[in-house]
Every structure is written in C-alpha cells, then in structure tokens.
Amino acid sequence: MQNAKEQVIFLVGPTASGKSEIAVLVAEKIPAEIISCDSMCVYREMDIGTSKPSIELQRRVPHHLIDILMPDEEFNVAMFKKKAEILIKEIHTRGKTPLFVGGSGLYMKVLLDGIFEEEKKSNNLPEEIKEGIREKDTNYLYQELKKVDPEAANVIHPKDKRRVIRALKVYYNLGMPISKLKKGTRGISDKYEVRIFGLRRNRESLYERINRRVDEMFDRGLVDEVKRINKRYNLSKTAKEALGYKEILKYLDGQISLDEAKRRIKVNTRHFAKRQMTWFKKDSRIEWIEIEDNEGPESVADRICRMIKYGV
C-alpha cells in the first residue's frame, strides 16, 4: 500500500475577507505553520499599508515569508516558489501542516502548477526579429511566431505585442517553443494532498470591511509610514505596487489632497478585491466558504477544520 501523501493547505480570498485571523485559528487546531502567499508582506517596515498579520497573531503561530526583504529589494513569483517549496519540507519534518494564506492567485497557481525558468540574459534573436521589435511591427512578429510556435500563436492575440515578443524570445533563446515548455512545468500539486479553501463574503459586506480597514490604516499612521519609507529607501518596482503607497506618495508630492488619497485607496482596494475574486473563480479546485455577515472567525475556522478532518 502506498503511503498517503503529506498535506498542504491554502486559505485564499480577497483582501479584507478575514484570512489572517481565521488562518491562525485553523493553524492552532490542525496544527499548522503559516506561509504568507502575498507579494507585499515580505517587506520589512511596510506594516500598515500591507495589512500584515498583527504581532499578536504571529506570536500565536509561526509565520513565514513575512519581513524577509527591505523595501528596495525586488521580489517575484519565482523567488516565492523556491522559498515556499523549501518551507513545505521543513514544516512537514516538524510534524505540522503548511498552511498558505494570502490573496495572490498567481503565487498560488505557480506553486501548485509550476513555471519554467527563462534564460533572460541570452539574446539569440535573429536580426530580422530584433528589427521587428525596434520598428514595433507587431504584425510581422506575430507572423514569425506562427511559423516557430503555431500553438502559442493560436492562444496569443495578434496585437498582444508583449506576449508575442516573449514567446519569440523563449523560442530563440531556449531552442524550444514556449507552448511545449509550459506543458513540462511541474508544481507541488502532484507531490502533496492539496486542499484550497476560499473565503467569500457578499459584496456589500466586503466593501464595508475594506472601507473600515482603510480608515483604520490612516488612524494607525499610514501617512507617516509611507513618508518614512520613501525617505529611507528607493522603493523597488515590486514594493511600489503596494496598495495605498502610490496614493499617499501623490499626496506627499502635493498632487492630491489627503481626503482624495483616502478615497482613491478605498476605490482601488475594492477594484483589487474584485480582480482577486475574478482570478480565484477560475480555479475549480477551490472549496468556497460562504461567510455570513454575523459569523465570527471562530465559527469559520471550525467549519474549515471539520472539512479537513473528515475530508469533505
């Protein structure tokens, strides 16, 4: 008889859905260690704007991939995948379950399904392809892609210049079509028993929670945090994408008022939550947990734990 696969659990959902507190309650019961599945929580000093789990929550259960980089350092999905795979093995050796918590659908997908490494430093493109890039001749580039990788061309829009160029670069630098390389990618989904639980609230409730969170961020000193970080660091491209930071920077530059900055953060966060749900809805592996307006985190955590325990 084959040994049962070790388990890896994901708790996902849009921002402000209540993941952090529910995750700690679940982790205490299983037991588990939490791995952040978020591109912004990796940054030290960016605490308020990234809505990291509180120090109290982090003390109750071990948390990983939080505060591991400075704001001027880059972070990407390939780095996340590499670090996450190491953590999974370490947590299993301690007899606990890895519990990934966050709202990044891309990070989750790459960890589960894999990516391939590109030889970005190579530049083996034929001169005519380089010329097509310089001249921005997307139609010519697309016709060339149809010749070398018709399968990729079939799923890439003829006017999507960025993806067309990327597919051509992969072909000429690696000597293999991107469509074939993608089929050869491997993630953790075939190595472990994976359960993915998604938190879902009705839109009005979620938007109310987002608005309340933004107000609390300002009360806790978001403006001072952004001012301090901007003064000390040349923010990396990744860090600049954090919700709230670019709006506050515009306020500090005198481009908008403080009230307008707050309004924009609320609007942009609601739009971000909508994009997150659109992404997650495409993944049929997610088991959705519908949270009632008056339901507390303990009740939600108990429901998830029962599903894990009884395999339902």
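If the condition is being within 24 Å of Ser189 (Cβ to Cβ) and either part of a loop (DSSP other than H, G, I, E, B) or more than 21 Å from the chain's Cα centre (by Cα) (or both), then the stretch 8-25 contributes Gly13, Pro14, Ser17. Looking only at residues in the stretch 192-210 that are in contact with a helix residue (DSSP H, G or I) (Cβ under 9 Å, 6 or more places away or on another chain) and farther than 12 Å from Ala16 by Cα, which one is surrounded by the most Cβ atoms within 10 Å (Cβ to Cβ)? Residue satisfying both the conditions and the ranking: Phe197. In summary, helices (runs of 4 or more DSSP H) completely within the stretch 61-169 and bearing 1 or more residues that are among the β-branched types (Val, Ile, Thr) and surrounded by 15 or more Cβ atoms within 10 Å (Cβ to Cβ) occur at 77-93, 105-113, 127-134, 138-148. A residue that is modelled with pLDDT of 95 or more and either touching a strand residue (DSSP E or B) at 6+ places or on another chain (Cβ under 8 Å) or not in a loop (DSSP other than H, G, I, E, B) (or both) can be found somewhere in the stretch 43-50.
The rows are residues; the columns are (1) over 26 Å from Glu45 (Cβ atoms); (2) modelled with pLDDT of 95 or more.
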{"site": "Arg232", "(1), (2)": "no, yes"}
{"site": "Val267", "(1), (2)": "no, yes"}
{"site": "Trp279", "(1), (2)": "yes, no"}
{"site": "Glu295", "(1), (2)": "yes, yes"}
{"site": "Arg303", "(1), (2)": "yes, yes"}
{"site": "Lys309", "(1), (2)": "yes, no"}
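What do you reckon, is Phe75 assigned by TED's automatic domain parsing to the domain that holds Ile248, touching a residue at least 40 places away in the same chain (Cβ under 8 Å) and in contact with a Cys (Cβ under 9 Å, 6 or more places away or on another chain)? The answer is no for Phe75.
I'd like to know if the stretch 88-105 contains one or more residues that are on the phi > 0 side of the Ramachandran plot and modelled with pLDDT under 90. Within the stretch 88-105 (the criterion being on the phi > 0 side of the Ramachandran plot and modelled with pLDDT under 90), the answer is no, since none of the residues qualifies. Number of residues in the stretch 168-186 that are within 17 Å of Gly132 (Cβ to Cβ) and in contact (Cβ under 8 Å) with a residue 60 or more places away in the chain equals 0. With respect to (1) farther than 30 Å from Gly296 by Cα; (2) outside any loop (DSSP other than H, G, I, E, B), the lone exception for Arg195 is condition (1).
The values are calculated or read from the model by the stated rules, or taken from the named source; none is laboratory data. This one's a predicted model, so the numbers in the text were calculated from it and none came from an experiment. Backbone-built Cβ (ideal geometry, glycine too); neighbour counts: all protein chains shown.
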